[in-house]
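Engineer: Mind having a look at this structure? Questions to follow.
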Amino acid sequence: MSDENFTQRFMRATGKFRVVFGPANRSSLDHEMTEENKVLLAQRQAETLQWETMTRPDGSTYVVSRNPDDHSLR
């Protein structure tokens, strides 16, 4: 067991957690975004502009449409 590196020991120690929460993402974070992902990100960012987060006096939050004529979530 002493020939295991830190990652292998960590993965063995957290095995039961991974059964419940699923495996960790092992991809690199420093790669370039694909064109498809860039388009998807721009689309998601545009979609978020239509919503506004409101905060109640008790500190809880909810979202409403920025369009005052849209009462679908109110």
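Engineer: Give the residues of the stretch 3-47 that are at pLDDT 75 or above, surrounded by 10 or more Cβ atoms within 10 Å (Cβ to Cβ) and not in a helix (DSSP H, G or I), sorted by residue number.
Structural biologist: Scanning the stretch 3-47 gives E4, T14, M33.
Engineer: Here's another thing I want to ask about it. Which pairs have Cβ atoms under 9 Å, sit 6 or more apart or on different chains, and link a residue in the stretch 50-65 that is touching a residue at least 12 places away in the same chain (Cβ under 8 Å) to one that is part of a loop (DSSP other than H, G, I, E, B) and surrounded by 10 or more Cβ atoms within 10 Å (Cβ to Cβ)?
Structural biologist: The qualifying pairs are Q50/R66; Q50/N67; Q50/D70; W51/R66; E52/R66; V64/D70; S65/Q50.
The values are calculated or read from the model by the stated rules, or taken from the named source; none is laboratory data. Please read these numbers as outputs of a predicted model, since none were measured by experiment. Because the Cβ atoms are built from the backbone with ideal geometry, glycine has one as well, and the counts that use them run over all protein chains shown.
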